[in-house]
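Please treat every number below as a calculation from the coordinates, not as lab data. None of the values given here were measured: they were computed from a predicted structure. We place every Cβ from the backbone using ideal geometry, glycine too, and count neighbours over all the protein chains shown.
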2 protein chains.
Amino acid sequence: MRKIPPSTRRSGCPLNASVEMVGDRWSLLIVRDIMLGGASTYAEFLNGHERIATNILADRLRKLMKDGIIRAVPDPTDGRKRLYRLTGRGIDLAPVLTEMVLWAAGHEATGNRALTQQMRDKKKFLTGIRKRWQA
Amino acid sequence: MRKIPPSTRRSGCPLNASVEMVGDRWSLLIVRDIMLGGASTYAEFLNGHERIATNILADRLRKLMKDGIIRAVPDPTDGRKRLYRLTGRGIDLAPVLTEMVLWAAGHEATGNRALTQQMRDKKKFLTGIRKRWQA
DNA sequence: CAGGATCCGTTTCGATACTG
DNA sequence: CAGTATCGAAACGGATCCTG
C-alpha cells in the first residue's frame with residue numbers, strides 16, 4: 001500500500017454528518033427540487049419526483065428543518081400555504097449536488113445536458129444559485 | 001417565486017443515478033476508507049468505521065463493484081486475500097467526498113482540522129488523490 | 001383544499017451465528 | 001479470512017383519514 005500522510009487518516013472525518021443527509025434516498029432530492037426546480041410547497045414536492053409517499057415527505061421535511069437545511073415560512077400571498085425555503089446551510093449544499101451530478105453525468109452521458117453544461121462552470125453556477133435563493 | 005431558467009428544471013437530472021449508487025449510509029464510507037484511509041481488504045473495512053455488519057459490507061462491496069466504482073484484485077503478496085481498489089470512476093468520486101466534508105466542516109467546526117484544511121485547496125488535494133490511486 | 005397523521009402490508013436493514 | 005443464513009427491527013409505500 002502506498003504511503004498516506006497521517007493527517008488524512010480517517011479519524012474524526014466529518015463525512016459522517018453529511019452521509020446522514022445523502023445517505024437517504026429522498027432528502028437530497030428534496031433539496032434539489034428546491035434548488036434547481038424552484039419547488040417550495042408540499043404539493044410541488046409530491047408531484048415532483050417519482051411519487052414520494054406523503055408520510056415520508058412529511059418526515060423528511062421535518063428532518064430537514066431540524067437539521068437547519070430548510071425552513072418553512074407562511075406564503076405571503078396565500079395564508080393556507082407554507083413555503084419551504086433553503087437556509088444558508090441548505091444553499092451551501094449546492095457544491096455537493098453539483099459534484100454528484102457531474103460525477104454521474106461524466107460517466108453516463110445521459111440526463112440533462114443543458115444542466116450539466118451549466119454546472120461545468122462551477123463558480124458561475126454556484127454564484128447563480130446563491131443569488132437566486134439568498135435570504 | 002423567482003424565475004428559473006428552464007434548462008435547470010428537474011427533468012432527467014442525473015442526480016438520481018448518483019443517489020442510487022451512493023445514496024446509502026455505507027457506500028460512501030467504504031469509498032472514503034479506500035481513498036483517504038488506504039483500506040483495501042474486507043477485514044480493514046470491518047474494523048474501519050463504526051461496525052458495519054458483515055452481510056451489509058459484503059452486499060455493498062458487491063454493489064460498488066457492479067456499479068464500477070471499485071474492483072477486486074488478488075493480493076500479489078498473499079494469494080488468499082483480495083484487495084479492493086478504486087476504479088477510475090471511483091477516484092472521480094473524490095470531488096463529491098471533498099464537498100461533503102467541507103460542507104459538514106463548514107457548519108460544525110468539529111472533526112479533522114488537518115484534513116479539511118488540506119481539502120480547502122481543492123485542486124491540489126484532488127490531484128494528490130488521483131496520483132496516489134491511479135491504475 | 002393544503003398539509004399532514006395513522007394504519008398496515010411489504011421491503012430492506014442489521015446483529016448475530018454460522019460456514020467453506 | 002471472507003463471506004452466507006437467519007431472523008427481528010426499522011423503513012418504505014399506499015390508502016385513507018384528520019384538521020384548520
Having 2 or more residues that are away from DNA strand D (no atom under 16 Å from the Cβ) and within 20 Å of A:E20 (Cβ to Cβ) is the bar; report the helices (runs of 4 or more DSSP H) wholly within the stretch A:32-135 that clear it. A:88-91, A:94-108
So, in the stretch A:17-51, of the ones that are buried (at least 19 other Cβ atoms within 10 Å of the Cβ), out of contact with any strand residue (DSSP E or B) (no Cβ under 9 Å at 6 or more places or on another chain) and polar (S, T, N, Q), which residue ends up nearest to the other protein chains (Cβ to nearest Cβ)? A:S18
So how many residues does the stretch B:73-111 have that are on the phi > 0 side of the Ramachandran plot and among the hydrophobic types (A, V, I, L, M, F, W, C)? 1
Starting from the stretch A:48-61, keep only residues that are over 17 Å from A:I34 (Cβ atoms), then list their pairs with residues that are near DNA strand C (Cβ under 9 Å from one of its atoms) and part of a helix (DSSP H, G or I) whose Cβ atoms are within a distance under 8 Å, requiring at least 6 positions of separation or different chains. A:T54/A:L46
The residue that is farthest from DNA strand C (Cβ to nearest atom), considering only those in the stretch B:64-95 that are among the hydroxyl-bearing types (S, T, Y) and surrounded by 13 or more Cβ atoms within 10 Å (Cβ to Cβ), is B:T87
Filtered residue count, the stretch A:27-42, keeping only those that are under 28 Å from A:T116 (Cβ atoms) and within 11 Å of DNA strand C (Cβ to nearest atom): 3
